[in-house]
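> The structure follows.
Every number in this text was worked out from the coordinates using simple rules, so none of it is lab data. Predicted model, so just to flag it, every value in this text is computed and none were measured. Neighbour counts are summed over all protein chains in view; Cβ atoms, including those assigned to glycine, are modelled from backbone coordinates with ideal geometry.
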Amino acid sequence: MAEVDQEQRDDLFDEGNVALAIGDLEGAVEVYKQVVEMDPGFFDGWHAYGMLLMKLERYKEAIGAGLQATTLQPNDLLAWTALSQMYVANEQIAEAEDAKQKATILGIGGKIVRD
């Protein structure tokens, strides 16, 4: 696997953030997609991509990105909370409750995956 140019990745991620900030949601989603393709292990990219996909009501894609974020950082409270919201938006209540439970565990100081 080729080494990721983190500076290039970060510059591209910043470009996506600017597009989002000025309201170019479709432009931002395309940039975030490029970021995660460039670096599949970049948590912030997956999280931002998933949240934006949810905002665009592309729920199944958002859930995929959210699952990737929780896989990369299984003890991230925000990632599990976001995934729960994505499942709710897609009317997958059982999955939403499971993700919410994981967020609750993290919120009280527990761990999903022990270090």
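> Using the alpha-carbon atoms, what tilt in degrees (0 to 90, nearest 10) does helix 93-107 show relative to the longest principal axis of the chain?
It is inclined by approximately 90 degrees.
> Let me ask another. Looking at the stretch 35-115, which GluC sites (Glu not before Pro) are in a loop (DSSP not H, G, I, E or B) and have at most 13 other Cβ atoms within 10 Å?
In loop regions of the stretch 35-115 (DSSP not H, G, I, E or B), the sparsely surrounded GluC sites (Glu not before Pro) are Glu57, Glu91.
> I would also like to ask the following. Compute the angle between helix 77-89 and the longest alpha-carbon principal axis of the chain, please, reported from 0 to 90 degrees and rounded to the nearest 10.
Helix 77-89 sits roughly 90 degrees off the main axis of the chain.
> If I take R0 = 22 Å and measure r between the Cβ atoms of Leu25 and Thr104 in this structure, what FRET efficiency does the formula 1/(1 + (r/R0)^6) give, to the nearest 0.05?
Calculated value: 0.10.
> Same structure again: Computed from these coordinates, which is Cα extents along the principal axes in Å: (i) 36, 33, 23; (ii) 60, 32, 20; (iii) 58, 28, 21?
(i)
> Here is a further query. Quick check: Cα centre of the stretch 1-45 to Cα centre of the stretch 88-115, how many Å?
So the two Cα centres are separated by 26 Å.
> Can you give the angle from 0 to 90° between the axis of helix 25-38 and the longest principal axis of the chain, with both taken from C-alpha atoms, to the nearest 10?
The helix 25-38 is inclined about 90 degrees to the chain.
> With n ≥ 4 as the cut-off for DSSP H runs, can you work out [θ] at 222 nm for the chain, using -39500 (n - 2.57) per run divided by the number of residues, rounded to the nearest 500?
Calculated from helices alone, the mean residue ellipticity at 222 nm is -24000 deg cm²/dmol.
> Spin-label point model (7 Å from Cα, Cβ direction): what's the Val113 to Val4 distance in nm?
Taking the simple label geometry, Val113 and Val4 are separated by 1.4 nm.
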